[in-house]
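Inspection log for the structure reproduced underneath, given as structure tokens.
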Amino acid sequence: MRVIVLGAGVIGTTSAYYLAKAGHEVTVVERRDGPALETSFANAGGICPGFAGPWAAPGMPAKLARWLLARQAPVALRPRLDPQQWRWLLRFLGNCRVDRFRRNKARMQRIAHYSKACLTELCAETAIAFDHGTGGVLQLLRTEQELAGAANAVKVLAAFDVPHRLLDRQGVLAVEPALQGAAVHFAGGLHLPGDETGDCHKFTRALAELLQGRGVSFRFATRVSGIRTDGGRVSAIVTDADPLAADAYVVALGSATAPLLRHVGIDLPIYPVKGYSFTADLDPNTPAPRSSVMDEHHKVMITRMGTRIRAAGAAEIAGYDLTVREAGAATVLASLRELFPRIVPTATAWAGLRPMTPDGPPYLGATALANLFVNVGHGSNGWTQACGCGRIVADIVLGRRPEIDMEGYDVGR
Ligand SMILES: Cc1cc2nc3c(=O)[nH]c(=O)nc-3n(C[C@H](O)[C@H](O)[C@H](O)COP(=O)(O)OP(=O)(O)OC[C@H]3O[C@@H](n4cnc5c(N)ncnc54)[C@H](O)[C@@H]3O)c2cc1C
């Protein structure tokens, strides 16, 4: 089969890997000059099946109300005259119920653990380098209140069989000694030793290079502007170069997916949620995390990537605008300065749009158009879920049964 993958982020590139591995002739169409130059470029680097779960959770509406009134907070809402924004928000709030949270968490856990196993296999097969770390993730709990609140998180982790350790201050310092120099107090932490880290951009770029060597064609600097249909099927995609035709099409356009698919009657409630990151080249003598610290207070993740450190977080519900806003970027910087005061960013702030579904899990597989498939809506977990979702969608395109239960990932849910 000839398959066109739309988008060369981490999701499109892993989809291309599994499709090519299955023997398909694959072309990837990407508007940027290379792979992973949008949301997959400078994320927090967490490959975190242990923490994978929806943002829509019980207690979130109250937290949101508090954060929206604060001057500096992990979440900001810029209301727009955009019905998609309001529809997404209403659905998000509707998913904050206990029963829906449990259901959505289970769906995300299933896919994230499967994805980690797929990544391990892919690494063994390709030997690509991407500053892969296997030192786990430490959730830092600053106050006694945050530590007490972790009891709930522990119950959820136990329910999903995720290995974890609740730590006091000394335990935290044993895992991440550089926190000794923190400028703020912390009470303890929750360590998930099974979670991993890595540079999503390096991974995607290396995988794309390897795929080009295996005959996959990457058409960079080519924007998809429309989809032509004929009798319930896609007949071609319209680009700013020639129209391109294939037997099957996989959409992996991240946050750009929803507006494009709406033109062909496929209405997915994916909305962009902007986040920021800062990257620092490390001086070997600077105290820095060994692996990854999730600062629960600011909701910022600080991760080692070889000789660099990346701090990432903040959530702005503000449409497709990529402007760096002072308050959001300041939250990320505040976390870095408070926990690792001697690390100074060596690059300016980066902004990316998480393609968020209101309930959490991505949309995977078939659509109303017979030869059009989606691998979209991975939100804040796209790097964690990439290999598993790539493999699942390749299996579906091939007509093979995916290896995990597919309940809850369909576009019609
Ligand atoms: C601050 C931040 C921190 C994050 N931290 C983590 C983390 O620690 N762990 C984790 O698992 N996830 C994390 N994420 C989420 C993760 O980065 C995303 O889920 C993932 O990158 C989405 O990948 P994608 O391929 O779907 O989207 P993208 O990387 O955006 O790829 C889509 C591609 O489609 C292309 N495209 C769009 N429109 C067109 C068009 N019309 N024609 C041609 N090409 C087009 C784009 O140029 C882009 O290359 C984070 C995100 C942010 C913003």
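What follows draws every value from the coordinates through simple rules; no lab data is involved. Since the model is a prediction, treat every value here as computed from it, not as a measurement. Here Cβ is always computed from backbone atoms with ideal geometry, including for glycine, and neighbour counts include all displayed protein chains.
A few notes on this one:
- Magnitude of the charge dipole, the stretch 322-413, Cβ model with Lys/Arg +1 and Asp/Glu -1, debye to 20: 300
- Long-range amide H partners of V376 with built H, under 5 Å: Y363
- Antiparallel DSSP beta bridges within the chain, percent to nearest 5: 70
- Our estimate of slack between V264 and A148, defined as 0.36 nm per intervening residue step minus the Cα-Cα distance, is 36.9 nm.
- Note on R91 and A368: the extension gain reaches 97.5 nm, defined as 0.36 nm multiplied by sequence separation minus the Cα-Cα distance.
- The mean sequence separation of alpha-carbon pairs under 8 Å and at least six residues apart, normalised by the residue count of the chain, gives a relative contact order of 27 percent.
- Relative contact order of the stretch 1-133: 22 percent, from C-alpha pairs under 8 Å at least 6 residues apart in sequence.
- Leading residue at positive end of dipole, the stretch 114-262 (Cβ point charges), from L210, T126, F220: F220
- Contour minus Cα-Cα distance for K155 and D405 (0.36 nm per residue): 87.6 nm
- Computed E for R169/E121 - FRET, C-beta separation, R0 45 angstrom, nearest 0.05: 0.75
- Förster radius 35 Å - calculated FRET efficiency between T346 and V238 (Cβ-Cβ, nearest 0.05): 0.30
- Which of L68, L167, L157, positive extreme of dipole for the chain (C-beta unit charges): L68
- Unit Cα scatterers, Debye sum, the stretch 321-410: log10 I(q)/I(0) for q = 0.21, 0.23 Å⁻¹: -1.01, -1.14
- Distance (nanometres) between label positions extended 7 Å along Cα→Cβ at E25 and H185: 6.8
- Cysteines in the chain that, by Cβ-Cβ distance, have no pairing candidate under 4.7 Å: C48, C96, C123, C200, C389
- Percent of C-alpha pairs per 10 Å bin in the stretch 75-119, short distances first: 23, 32, 30, 15, 0.
- Sequence-distant residues sharing a close amide H with R354 (under 5 Å, placed H): V273, K274, G275
- For I227, distant residues with modelled amide H under 5 Å away: V238
- Under a model in which nothing but the beta-carbon of Lys, Arg (+1) and Asp, Glu (-1) is charged, the stretch 1-80 shows a dipole of about 460 debye around its Cα centre.
- In order through the stretch 268-279: 3J(HN,Hα) via Karplus (6.51 cos²θ - 1.76 cosθ + 1.60), integer Hz, x for Gly, Pro: 9, x, 9, 10, x, 10, 6, x, 10, 9, 10, 10
- Separation of the stretch 40-89 from the stretch 340-413 is 17 Å, based on Cα centroids.
- Each Lys and Arg Cβ is given +1 and each Asp and Glu Cβ -1; about its Cα centre, the chain then shows a dipole of about 740 debye.
- For the chain, the fraction of alpha-carbon pairs in successive 20 Å shells from zero, as %: 28, 59, 13, 0
- A convex hull fitted to the Cα coordinates of the stretch 44-121 yields 122 cubic angstrom per residue.
- Partners for K274 among lysines (Cα-Cα distance below 28 Å; same-chain residues under 8 apart left out): K63, K105, K116, K202, K299
- The packing ranking of peptides 220-229, 329-338, 249-258, highest mean first, is 249-258, 329-338, 220-229, where packing means the average number of other beta carbon atoms within 10 angstrom of each residue.
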